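Below: the structure, in structure tokens.
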Amino acid sequence: MKFGYWLNSLGFIEFLSLLIILGMSAYLANLSFLIFKNWYNNKQKDNPFAEEIRLSPFLFVGITIPFLLILYSILYHHIHALLTKIF
């Protein structure tokens, strides 16, 4: 099944579950990048030649995808069951 057909076949609860997991993984990716940046700045201290680390979209997506896969495999069924009870 192609990805587009799969997305169109999702119901409201499945789509909302995936959206929640995507939001959680994006938050964890941003948090992990900020922790790494803080660690890097503490290691460099007052080094005037240290490069500044910036978050690019490719780096953000690259960090988010592993979090998304891990959270999907762990939490999808729990979130889906919870949303089924709510809606």
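Quick one: Cα centre-to-centre distance for segment 1-33 and segment 69-87, in angstrom? Answer, in whole Å: 11. Working note: Cα gyration tensor of the chain, eigenvalues times five, square-rooted, sorted largest first, giving semi-axes of 36, 15, 8 Å.
Bridging of LYS2 to aspartates and glutamates at a Cα separation below 19 Å is possible for GLU14, once same-chain residues fewer than 8 apart are set aside.
With a cut-off of at most 11 other beta carbons within 10 Å, and DSSP calling the residue loop, which trypsin sites (Lys or Arg not before Pro) in segment 44-85 qualify? Please list them.
Details: sites: LYS45, ARG54, LYS85; in loops: LYS45, ARG54.
In loop regions of segment 44-85 (DSSP not H, G, I, E or B), the sparsely surrounded trypsin sites (Lys or Arg not before Pro) are LYS45, ARG54.
Most tightly packed first, judged by the mean number of other beta-carbon atoms within 10 Å of their residues, the peptides 33-39, 46-52, 58-64, 13-19 read 13-19, 58-64, 33-39, 46-52.
Any read-out appearing in this document is the output of simple, stated calculations on the displayed coordinates, not a laboratory observation. It should be emphasised that the depicted structure is a prediction, and the values quoted were computed from it without experimental measurement. Heads up, the Cβs are rebuilt from the backbone with ideal geometry, glycines too, and the neighbour counts pull from every protein chain shown.
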